[in-house]
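Participant: After the structure tokens below, expect a handful of questions from me.
The values are calculated or read from the model by the stated rules, or taken from the named source; none is laboratory data. Because the structure is a prediction, the values reported are computed rather than measured. When we count neighbours, we look across all protein chains shown, and the Cβ atoms used for this are built from the backbone with ideal geometry, even at glycine. Ligands, DNA and RNA are stripped out before the accessible areas are found, and what is left, the full protein with its side chains, is counted by its heavy atoms. Shrake-Rupley method; radii C 1.70, N 1.55, O 1.52, S 1.80 Å.
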Amino acid sequence: MQVRGFVFRFLGLAYGPGIFILPKMKTAVLIQPGILKVRQTKRPACPQRGLVVKATCCAICSSDARMVLTGHQGLVYPRVPGHEIAGVVCESRNRAFNIGDRVQIYPGINCGYCAACLRGDTRRCASLKTLGFSEDGGFSEYLPVTDTSVLSGGVNLIPQNITDEEAALTEPLASCINAQEKTRVKRGDTVLIIGGGPLGLLNSFIARKMGAGKVLISERNEKRLALVKEHGRADRVIDAGLERLPKIVSDETGGRGTDVVILASNHSNISNVLPLLTAGGRLSLFSSLSRESAATWFDVNHLHYRELEVSGAFGSTAAQNAAALKMIGEGLPVGALVTKRVGLEEIMDGIRYTSDCEGLKAVIHHRQ
């Protein structure tokens, strides 16, 4: 009884004759669109061969904000959102990780044996699960991590030289790596990024890392323009509300057109973007588009005669996630993009801040 009592007290468990009670934790639960409640819930038990991670930071994605405020057709309620997660291992039943390890969690949980997984495309797993969407995520003080997640490379040790807050930006950075690998951004390319939000700026970081010769960022939100100029890796920031994008692109490329366009805004119009590309240029549909923009007709002869390429980019693989964390450890300045910090009790402030594009990245800091 003394040994059991010591173990239970170490793990923060209440115990009695023949029973133990998991302690409580704070969790932000999305009851239905527009209703996000911070509740006391039971702390999760440690999965077989898995982990329990105490979340320290969870960044808020624009998709989180949309999901909270307006819902998502594929979401089953109630759900705990949040997929940009960093934390500390507080329970381990897996030999690969020890209590006290600082870890970043990749949100995709793939099976590892379907056709897509075997070819390395974990995003297309036939039974893919996603933290914050099909599984409860990081808007919670603690979360369980299954052995499947560990085995598929979903748990990554955070390098000592970066903070948990920086590590929480790994997943969005990985999605930018995915987009630019698909568009094959290479040395000397001119890259136009439409949208100067956090993902637009992260894309500018990766474009430079890939060797782009010139990076242009177009943004029309007045609140963000100064932040784009300060933090983006751009040769020119274009005020889309005042300047004519086709003329700027022509001037900056000597009339040739840009090699790559990355849509990092959901208000873009493809029919206006394709003429900006040079022959053989590549377009990344990195952001989902609004219903109006997505339904816009465009002349497919642009693709035929000028041999343009259009690729979709959604999420990232576990390998791309690991590469993103390594880049942050090598000095990529992602932490500068965090412009708001909130506690779990103030989570709706962070959601509205993100939805209203008040700044760049909002991050939830869970109290220790």
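Participant: Here is a check on your reading of the model: is residue 335 under 30 Å from residue 138 (Cβ atoms), touching a residue at least 24 places away in the same chain (Cβ under 8 Å) and not in a helix (DSSP H, G or I)? Step through it out loud before you land on a result.
Facilitator: Values: under 30 Å from residue 138 (Cβ atoms): yes; touching a residue at least 24 places away in the same chain (Cβ under 8 Å): yes; not in a helix (DSSP H, G or I): no.
The answer is no for residue 335.
Participant: For the list (1) in contact with a strand residue (DSSP E or B) (Cβ under 9 Å, 6 or more places away or on another chain); (2) basic (Lys, Arg); (3) at pLDDT 95 or above; (4) at negative phi, I need the number of the one condition that residue 129 fails.
Facilitator: Unmet condition: (3).
Participant: Next up: Give the residues of segment 267-326 that are assigned to a loop (DSSP other than H, G, I, E, B), touching a residue at least 40 places away in the same chain (Cβ under 8 Å) and either at positive phi or open to solvent by less than 50 Å² (accessible area, probe 1.4 Å) (or both), sorted by residue number.
Facilitator: 268, 286, 287, 313, 315, 316, 317
Participant: Helices (runs of 4 or more DSSP H) wholly in segment 156-266 with at least 1 residues that are under 25 Å from residue 132 (Cβ atoms) and open to solvent by less than 20 Å² (accessible area, probe 1.4 Å) - which ones?
Facilitator: Details: elements: 164-167, 170-182, 198-210, 222-231, 245-253.
Qualifying helices (runs of 4 or more DSSP H): 164-167, 170-182, 198-210.
Participant: Let me ask something else. Sort through 364, 347 and tell me the only one that's open to solvent by less than 60 Å² (accessible area, probe 1.4 Å), in a helix (DSSP H, G or I), in contact (Cβ under 8 Å) with a residue 40 or more places away in the chain and not polar (S, T, N, Q).
Facilitator: Numbers: 364 fails: in a helix (DSSP H, G or I).
Result: 347 is the single residue among 364, 347 that is open to solvent by less than 60 Å² (accessible area, probe 1.4 Å), in a helix (DSSP H, G or I), in contact (Cβ under 8 Å) with a residue 40 or more places away in the chain and not polar (S, T, N, Q).
Participant: For segment 78-95, state whether one or more residues are more than 23 Å from residue 27 (Cα to Cα) and either open to solvent by less than 40 Å² (accessible area, probe 1.4 Å) or aliphatic (A, V, I, L, M) (or both).
Facilitator: Of all residues in segment 78-95, those more than 23 Å from residue 27 (Cα to Cα) come to 93-95.
Those still in the list that are either open to solvent by less than 40 Å² (accessible area, probe 1.4 Å) or aliphatic (A, V, I, L, M) (or both) too: 94.
Yes, some residue in segment 78-95 is more than 23 Å from residue 27 (Cα to Cα) and either open to solvent by less than 40 Å² (accessible area, probe 1.4 Å) or aliphatic (A, V, I, L, M) (or both).
Participant: So, of the residues in segment 334-346 that are touching an Asp or Glu at 6+ places or on another chain (Cβ under 9 Å) and not basic (Lys, Arg), which turns out to be nearest to residue 37 (Cα to Cα)?
Facilitator: Residues of segment 334-346 that are touching an Asp or Glu at 6+ places or on another chain (Cβ under 9 Å), as a first pass: 334-336, 338-342, 344.
Subsequent filtering for residues that are not basic (Lys, Arg) retains 334-336, 338-339, 342, 344.
On the way: 334: 30, 335: 28, 336: 30, 338: 24, 339: 24, 342: 15, 344: 10 Å.
It comes out as 344.
Participant: Looking only at segment 98-136, which residues are farther than 26 Å from residue 29 by Cβ, part of a loop (DSSP other than H, G, I, E, B) and open to solvent by less than 70 Å² (accessible area, probe 1.4 Å)?
Facilitator: Scanning segment 98-136 gives 100, 101, 111, 112, 114, 120, 121, 125.
Participant: Any chance segment 74-81 includes a residue that's closer than 22 Å to residue 165 by Cα, modelled with pLDDT of 95 or more and not basic (Lys, Arg)?
Facilitator: yes
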